[in-house]
């Protein structure tokens, strides 16, 4: 069975991330999903510590119908280099595909994996010549849009407003218990 890799800052992980994982497990027939919390994203800083984000990711992906392994690496390319998976599929959302060229060593990422891009219905990735290697290195699968964004969730938490319905209940409780995003 195929191995999927879902990496990100997960600051915090939300129901959109979980929906992406579920859709990918179904679309690609994934038997394993490796969730990598990127400790130090090159293209965006994180507000919560890597340890908090790893704990929240563990809570978010616990109910997935696949074997899930969680780990933490500084950069995506580091995780791929460390594991040397056999024909992995790195899963990203359409929004991250646009930012992909700003990642640390995006060319090396494409040497180590192919991309499974969760697109919205009717959406096609904009491809510039050579940007994503050969056409078989990027496969788009459909994902219904989800009304959650980590930025919005952090803003709600900062204002003390509920984040229920945007994250799994255990993550909402974790954010409240650890008073995350309030001081930023």
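Some points to look at:
- Burial ranking of peptide ranges 57-63, 104-110 (average Cβ count within 10 Å, highest at the top): 57-63, 104-110
- Listed by Cβ neighbour count within 10 Å, with the fewest neighbours leading, 89, 5 appear as 89, 5.
- Rounded to 0.05, the FRET efficiency of the residue 152 and residue 1 pair, given R0 = 22 Å and the Cβ-Cβ distance, is 0.05.
- Each label was represented as a point 7 Å from its Cα along the Cα-to-Cβ direction; for residue 82 and residue 173 these points are 2.9 nm apart.
- Our helix-only sum for the chain, with -39,500 (n - 2.57) per DSSP H run of n ≥ 4 divided by its residues, gives a mean residue ellipticity at 222 nm of -10000 deg cm²/dmol.
- Projected onto their three principal axes, the Cα atoms of the chain cover extents of 46, 30, 28 Å, largest first.
- Cα-based Rg / Dmax (Å) for segment 35-77: 10.9, 31
Rule-based calculations on the coordinates, nothing more; no lab input. Just so it is clear, the structure is predicted and the values come from calculations on it, not from any experiment. Here Cβ is always computed from backbone atoms with ideal geometry, including for glycine, and neighbour counts include all displayed protein chains.
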